[in-house]
Amino acid sequence: MRRHPLYGLLAEFDNAEELLAAARRAHEEGYTLLDAFTPFPIEGLADAVGFHKTRVPAVTFIGGLIGCAGGFFLQYYPNVMGYPLNIGGRPYNSWPSFIPITFELTILCAALATVFGMLALNRLPTPYHPVFNVPRFALATRDRFFLCVKARDPKFDREKTGQFLTSLKARGVFEIEA
């Protein structure tokens, strides 16, 4: 994989509708490595930039399984193997009494796995990102909308992609240095 001195091109738009239309058009043209930056969530933008799958449900499920197994073992080991006590003639492995703690640890571990998995998969926190080098990007948290086409995209060509983004009625197209 060759290294580009450029991270990508950033197009600035005035409103959400223009950004959504531009993202859809860029995806239709074959650009696959797109990013959008907005001051608020926009319905349909994830699909427009080609984001369709996530691994967060799998991470949540694995965290829940670990919590379930851990909660059950946390009670099974001391009651059956570590220090078994015969109380009222009940079996040592009285699994119905293990259900509440097993359930709670399942929920706890699934929730923690979801939060930390989401942060890791999104590569957060990100104290530095190349788009911060564009001075106009400071408006992304106020009233501007940005679409980034990354230089790693197989269809990326500095001139052609710049002309394409300009044709989408972008207020400005900026180069992002890597």
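The values are calculated or read from the model by the stated rules, or taken from the named source; none is laboratory data. Please read all numbers here as calculations on a predicted model, not as lab measurements. For neighbour counting, all protein chains shown are included, and Cβ atoms are generated from backbone atoms with ideal geometry for every residue, glycine included.
General observations
- Hey, Phe146 assigned by TED's automatic domain parsing to the domain that holds Val173 and touching a helix residue (DSSP H, G or I) at 6+ places or on another chain (Cβ under 8 Å) or not: yes
- Residue match in the stretch 49-69 (condition: aromatic (Phe, Trp, Tyr) and either under 25 Å from Arg144 (Cα atoms) or in contact with a Gly (Cβ under 7 Å, 6 or more places away or on another chain) (or both)): yes
- Index of the failed condition, Ser97 passing every other in (1) out of contact with any helix residue (DSSP H, G or I) (no Cβ under 7 Å at 6 or more places or on another chain); (2) under 30 Å from Ala21 (Cβ atoms): (2)
- The one condition from (1) under 22 Å from the mean Cα position of the chain (by Cα); (2) β-branched (Val, Ile, Thr); (3) surrounded by 14 or more Cβ atoms within 10 Å (Cβ to Cβ) that Thr106 does not meet is (1).
- Of the residues examined, Gly50 is one that is under 23 Å from the mean Cα position of the chain (by Cα) and at positive phi.
- Any hit, the stretch 51-63, residues being within 30 Å of Arg158 (Cβ to Cβ), touching a helix residue (DSSP H, G or I) at 6+ places or on another chain (Cβ under 6 Å) and of a type in the set (A, V, I, L, M, F, W, C): no
- Meets criteria (of a type outside the set (Phe, Trp, Tyr), modelled with pLDDT of 95 or more and either in contact with a Pro (Cβ under 6 Å, 6 or more places away or on another chain) or not assigned by TED's automatic domain parsing to the domain that holds Ala110 (or both)) for Ala46: no
- Selection from the stretch 1-40 of residues that are assigned to a helix (DSSP H, G or I) and among the small types (Gly, Ala, Ser): Ala16, Ala21, Ala22, Ala23, Ala26
- Of the residues making up the stretch 80-105, those that are in a helix (DSSP H, G or I) and either over 23 Å from Gly64 (Cα atoms) or aliphatic (A, V, I, L, M) (or both) are Val80, Met81, Gly82, Ile99, Ile101, Leu105.
- Residue selected from the stretch 43-79 under the condition not in a helix (DSSP H, G or I) and not hydroxyl-bearing (Ser, Thr, Tyr), by the criterion nearest to Ala113 (Cα to Cα): Arg55
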